Amino acid sequence: MKRQKIRNLLLLISFLLFPITQFYFSPYIIIAGAFEGVITGSFILFSLMFLGSIFVGRIFCGWVAPCGSLQEMCCSVNGNCAKGGKLNLIKYFIWIPWLLIIAGAVVQYGGYRTINPLFYIENGISISHPWAYIIYYGVIILFVTIPLIFGKRAACHYICWMSPFMIMGIKLRKFLHLPGLHIVCDKTKCKSCNLCSKACPMSLNVKEMVLTGAFDHEECILCGKCIDVCKSKTLKFKFGKFKK
């Protein structure tokens with residue numbers, strides 16, 4: 001479980017730094033920047049998420065996402081599985097109109113002309129004025145309330161505007177048959193104990209994924225919890241091309 005201790009420590013540090021980093025994840029600042037022709041910090045970060053996910057999937061979500069740690073703390077209150085399936089599409093009804101607004105602003109105002117990672121972020125710190133606490137606690141309440149009501153990491157499933165970038169990166173990796181970090185399994189070792197599914201913070205049916213060999217779920221955040229609880233050593237990380 002040493003790996004999970006390290007992961008939890010990284011998540012905790014990321015959450016403690018959230019008052020500094022929050023606006024670098026802001027969906028609003030990237031829109032404001034598009035209207036002024038500025039490539040913002042959030043533009044850069046989301047681009048890096050997309051490019052990084054081609055090779056390391058959604059490891060950002062599992063290891064350093066500030067609100068990911070917050071949601072996992074909520075599991076002690078409501079550890080029920082969050083319903084996935086079609087409900088996972090909700091985030092795309094947020095993401096696609098948001099992208100269209102950004103694209104429209106870029107076209108209307110003549111494209112990007114400058115790069116300013118600190119656009120709307122005074123001294124590089126997100127919470128630098130009292131009014132910023134309203135936004136900060138608004139986000140905190142949102143990412144606490146949804147998992148408390150709907151279960152494990154429900155906000156990641158339903159409303160996260162960052163995860164689609166990484167999901168698109170994973171899809172591109174598959175399309176181009178590029179190597180990347182993923183989990184592989186040896187289903188002959190599986191004892192069907194279901195510990196992996198119970199441990200999954202994304203409420204995935206890991207046991208079924210093992211038995212069917214379909215271990216390429218786009219909601220997997222590569223946290224490694226399923227690997228660490230598996231007593232029969234059925235699962236492991238691998239960097240390479242995904243084989244069905």
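Find which of Ile141, Val64, Val184 sits farthest along the positive direction of the dipole of the chain, computed with +1 on the beta-carbon of Lys and Arg, -1 on that of Asp and Glu, about the Cα centre.
Result: Val184, furthest along the dipole toward the positive end.
Would you work out the Kirkwood radius for segment 179-240? I mean one over the mean of 1/r across all pairs of different Cα atoms, in Å.
Working: mean 1/r = 0.0879 Å⁻¹.
Final number for the Kirkwood radius of segment 179-240 is 11.4 Å.
In degrees between 0 and 90, to the nearest 10, how far off the longest principal axis of the chain does helix 90-108 point, with axes built from Cα atoms?
It is inclined by approximately 30 degrees.
What is the diffusion coefficient of the chain in µm²/s, taking the Kirkwood radius over Cα pairs and the Stokes-Einstein relation at 25 °C with a viscosity of 0.890 mPa s?
Details: Rh = 19.0 Å.
Diffusion coefficient, whole number: 129 µm²/s.
Residue by residue through segment 64-76, which ³J(HN,Hα) values in whole Hz follow from phi under the Karplus form 6.51 cos²θ - 1.76 cosθ + 1.60 (θ = phi - 60°), with glycine and proline marked x?
Whole-Hz 3J(HN,Hα) from phi for segment 64-76: 9, 5, x, 7, x, 5, 4, 5, 5, 5, 5, 4, 5.
Do the alpha carbons of any pairs in Lys171/Lys238; Lys2/Lys238; Lys83/Lys174; Lys5/Lys83 sit beyond 23 Å of each other, and which pairs?
Working: Lys171/Lys238 18 Å; Lys2/Lys238 18 Å; Lys83/Lys174 25 Å; Lys5/Lys83 27 Å.
Lys83/Lys174; Lys5/Lys83, as the Cα separations exceed 23 Å there.
Per residue of the chain, what 222 nm ellipticity follows from adding -39500 (n - 2.57) for every DSSP H run with n ≥ 4, rounded to the nearest 500? Mind dumping the intermediate values first?
Details: 13 runs with 132 residues, N = 244.
Only helices count here, giving -16000 deg cm²/dmol.
Based on C-alpha coordinates, I'd like the Rg and Dmax of segment 1-88, in Å.
15.4, 48
Take the Cα atoms of segment 17-63, build their convex hull, and give its volume per residue in Å³. Before the final figure, lay out each step's value.
On the way: hull volume 3.4 nm³, N = 47.
Per-residue hull volume (Cα only) is 73 Å³.
Please turn the phi angles of segment 170-177 into ³J(HN,Hα) values with the Karplus equation 6.51 cos²θ - 1.76 cosθ + 1.60 (θ = phi - 60°), one per residue in order, whole Hz, x for glycine and proline.
Once rounded to whole Hz, the list reads 5, 4, 5, 4, 5, 5, 8, 6.
Kindly provide log₁₀ I(q)/I(0) values, in the same order as q = 0.09, 0.14 Å⁻¹, from the Debye equation applied to equal alpha-carbon scatterers of segment 54-164.
Reported log10 I(q)/I(0), two decimals: -0.33, -0.77.
Readers should treat all values here as calculations from the given coordinates under stated rules, not as data from a laboratory. Every value quoted in this text rests on a predicted model; they were computed, and no experiment measured them. Glycine gets a Cβ as well: all are built from the backbone with ideal geometry, and neighbour counts include every protein chain shown.
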